[in-house]
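Values in this text are rule-based calculations from the coordinates and carry no lab data. Because the structure is predicted, anything quoted here is derived from the model rather than measured. FYI the Cβ positions are ideal-geometry reconstructions off the backbone, even for glycines, and counts take in every protein chain you see.
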């Protein structure tokens, strides 16, 4: 490719669930406020140092509404209320809550840089049992709690502002022994940062350096509001809710409200939209077109299914770059398709690399893409991901990486960072004959529908909406706006993100309760008795947990306890232990990630420590507990640098050792190979397993902490079936 540069479209998606309790008006979780001070402002301010870099920021209206609620209406959240409370007045329940929740930050990058903060974490316990906190609080002084209140909030302020602001800089240097006045001023600084966010986006947008786009108001999965039966297109055998949900008018309402709120905030309607979770369908695209949207973005899997082609080969390489790196259109709406691999490198991989090496790697990949393309037209590489959730996993909140990347990109004449609309002036896109109905995850909607919990939630929503609609018809003069707002909030994607078998967080119960509270609010407004089922959690204890990345092919890792190569486990699955896809963390974890995969004959498991294997208690044992199809357990003890793995079978209610495991190693990570024949598993059997960690005879951790990992033993043609 000569002549044209390769155009790069970064789209940063800024979103948080709607955390407000509909009865109290208090936010149940603090992540809008805390990501506001750590991520939303600096992500756009850093661009002022790189005027050649143009980007697109997708701002979800419900996030903007929550930010404005904090800055204009003095909104508060449970965590802020407990921050402002004088430690002398804290109840035991307050203290337990603080010790459980005020360490919800990345340990390495947000807690360890503050020695006193890490000292308090160790004092609380790196791993703890919730019931023990009743005793633990007795060892924390008033000054301990005051320091913890300050350091939790200080750690969630971006390092750039901690350096630039004299007060914040001195507060960080002081490190401990804080005063009530300092705490109050810290929170004032938080709100100063929050108040600068929207004006800064307006400023850079007016300069033309950034484009602003939107999502549907409360972040719903639009195609499922349109018709839950659309999920059958990608998943013909899906088990659907008992009642079909089909309310296209709600999808249109969420789009209209989004563009209206955006116009109220920024003075014009957006040209572009990231449909929540990249979820699209043909009807939805027609609806966004009717509201004046000129372009949308979604994932490469949607393009592959729309064109009925395989975009990537077995190695993960793009098979025909000229068909991928270009826009398309449907119903007069241009569509760009996210490069899943490059986006995930930023979101999940580069945080472990040296910043310059990571930036160089991405630039080199982009240059390789450019060299693979013909010179017949301009081409675009869309890199689309969360704009707030990745950075706590990077040192210095990602600034070192971003600065290296932006500097390289600014100086590289063969690459050019543009806004989406800027590129579409060159090429509005070739028309698609059809558009696949799906999302950015696996090109389907399985995250949000199909699991027992998901389907229960859809039925609860459907029943409540039906009751509200019936009441409205019988009482046309009664004010029910609050009730409809609660319905629209409950239609958001975030509740079902945590239902089902895919994601876990220690605050799942909060999400479950917020979903049901919004439905309860409907009955409160219309004066009807709340159905008893809404008082019962949707969450079920016994469920399978799906990985963030599914198994895509056979693997044959070298069992040496080392990360020999990133690609060694690339075709396998991985599960982040306690990762919320965002800002919540399992504070008590020994384990950070579980990887698993197989070849025709063997199951492979890998356990990555949260810190270092050397930090494990000396009498730590891991147990791989296999419940299906037969009960087996693999115990892996690590004593004096020697791995001692054994396979046990449950016979007559007792565990009996049947053999040693020959392939196991623990150095930087734990790796183990378990032949399927040893656990009596044959092709198409479902394995159900979970991993426990013991200190002596005491269980100190379970992974996943709720439910189990489900693995289907492969058939001989497994790899062929994984192509699309």
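Of all the C-alpha pairs in the range 64-205, what % are more than 21 Å from each other? Value for the range 64-205: 46 percent of Cα pairs lie more than 21 Å apart. Using just the C-alpha positions of the range 207-249 as equal point scatterers, what log10 of I(q)/I(0) does the Debye formula give at each q in 0.23 1/Å? Summing over Cα pairs of the range 207-249 leads to -0.83.
Which of rounded, prolate, oblate describes the range 545-721, given a ≥ b ≥ c as roots of the alpha-carbon gyration tensor eigenvalues and a/c under 1.5 marking rounded, otherwise prolate only if a/b is larger than b/c? Rounded, because the longest to shortest axis ratio a/c is under 1.5. Working ranking of peptides 269-277, 159-167 by packing, defined as the average number of other Cβ atoms within 10 Å per residue, highest first, is 269-277, 159-167. Based on the alpha-carbon gyration tensor of the range 331-472 and its eigenvalue square roots a ≥ b ≥ c, which shape applies: rounded if a/c is under 1.5, prolate if not and a/b is larger than b/c, or oblate? Here the range 331-472 falls in the oblate category.
From the alpha carbon centroid of the range 647-724 to that of the range 493-537 is 34 Å. If you sort the three axes of the alpha carbon gyration tensor as a ≥ b ≥ c, you get a/c of 1.5 or more for the range 452-540 and a/b above b/c, which makes it prolate. Estimated from helices alone, the mean residue ellipticity of the chain at 222 nm is -10500 deg cm²/dmol (sum of -39500 (n - 2.57) over DSSP H runs with n ≥ 4, per residue).
Exposure proxy ranking for 439, 493, based on other Cβ atoms within 10 angstrom of each Cβ and starting from the fewest, stands as 493, 439. Counting other Cβ atoms within 10 Å as a rough exposure proxy, the listed residues 377, 516, 326 run 377, 326, 516 from fewest neighbours to most.
Per-residue Cβ neighbour counts within 10 Å put 401, 648, 128 in the sequence 128, 648, 401, beginning with the fewest.
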